Structures are given as structure tokens and as C-alpha cells.
Amino acid sequence: MAYKLTDNVIGRIAQIIQEGMILGIDVVDLMRQLEVEPAADGTQLELTPAYMQSVKVMHEKLLAEAEAHQQARATSKTVFTG
């Protein structure tokens with residue numbers, strides 16, 4: 001039986017490519033982590049709930065790190081000595 005990918009899976013693949021470009025990481029490792037299962041209709045593959053949760057946690061962590069980095073830059077004072 002042949003399966004097609006749901007829009008969520010295709011969207012996640014696009015997101016992985018974007019993350020690779022933004023973060024400068026190899027997308028192959030992120031693609032290997034994809035977890036899919038047959039969707040309710042039996043003809044498509046859908047992301048597993050556990051995988052979607054792990055992506056959400058990863059994104060929250062990256063966002064927190066970016067915000068902390070931005071705050072650190074905003075509070076640090078650059079002294080020009082030239």
C-alpha cells in the first residue's frame with residue numbers, strides 16, 4: 001500500500017529545512033528524528049503526537065535561549081575605546 005504525507009508532515013519537513021539554515025545545522029539528523037504513523041483515513045502518514053510534543057518543547061527551549069541572548073545583549077554596555 002502506498003501512503004501520502006499529510007500537510008503537517010510536509011510542513012514539518014519545510015520547517016526542518018528552515019531550522020537548518022537559521023541554526024546552521026545538518027538537516028539530515030532532524031529528518032531522521034521524524035516520527036510518522038498512519039492517519040485516520042489509512043491513506044496518509046501523520047506526525048505522531050509524541051513527536052509533535054518533542055518539537056514543541058525544542059522550539060520553546062530555542063525561543064527561551066534567543067530571548068535570554070537578546071536580553072543579555074540589551075543590558076550589556078559596549079564601551080568604545082577607539
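None of the figures in this text is laboratory data; all of them are computed from the coordinates on show. If you're wondering where the values come from, they're calculated on a predicted model, not measured in any experiment. Note: ideal-geometry Cβ built from the backbone for every residue, glycine included; neighbour counts use all protein chains shown.
The test for being closer than 27 Å to residue 2 by Cβ, touching a residue at least 12 places away in the same chain (Cβ under 8 Å) and in a helix (DSSP H, G or I) holds for residue 55. Taking the listed residues 48, 6, 75, the one that is over 18 Å from the mean Cα position of the chain (by Cα) and among the β-branched types (Val, Ile, Thr) is 75, with no other qualifying. Working only within the range 24-45, note down all residues that are free of Cβ contacts under 8 Å to residues at least 12 places away in the same chain and either surrounded by fewer than 13 Cβ atoms within 10 Å (Cβ to Cβ) or among the aromatic types (Phe, Trp, Tyr) (or both). Selection gives 24, 25, 26, 28, 29, 32, 37, 40, 41, 42.
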